[in-house]
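The values are calculated or read from the model by the stated rules, or taken from the named source; none is laboratory data. All of these numbers come straight from a predicted model, not from anything done at the bench. Cβ: placed from backbone, ideal geometry, glycine included. Neighbour counts: every protein chain shown. Note: accessible area is taken over every heavy atom of the protein model, side chains too, but ligands, DNA and RNA are not part of it. Shrake-Rupley method; radii C 1.70, N 1.55, O 1.52, S 1.80 Å.
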Amino acid sequence: MTSARTTPTPAPTEPVPPAGRADIRVVAASPETARRVAEVLRHCFDSTEQRSYPAGREGGTRLHLTVDTTHPAGPARSWLATSRTSASDRLQHGDA
């Protein structure tokens, strides 16, 4: 008995969003849970209107939205500003 090797089929390619944007997909058991996650993201970043779809036979919701990370708002703005390291932060003791 011989086994033929099969080459895995590559996943379909999806369009890459423009620089500074991220496509977000949330899969949750209920539409309300998916909406809560989208709401938090919208408080942090500018975003497109969310689109929701059924997520399988067991129910659930799949929600899509695109966020613009170049225009952070509220909590994300302060988090992004403090998370970036400057050249002086990268120098270790004894570095010149």
Collect the residues in region 1-28 that are modelled with pLDDT of 85 or more, open to solvent by less than 100 Å² (accessible area, probe 1.4 Å) and of a type in the set (Gly, Ala, Ser), keeping them in residue-number order. Gly20, Ala22, Ala28
Checked Leu63, Leu80 against criteria (surrounded by 13 or more Cβ atoms within 10 Å (Cβ to Cβ) and either out of contact with any strand residue (DSSP E or B) (no Cβ under 9 Å at 6 or more places or on another chain) or at pLDDT below 80 (or both)); the one match is Leu80
Across region 12-47, the tally of residues that are among the charged types (D, E, K, R) and within 23 Å of Gly59 (Cα to Cα) stands at 6
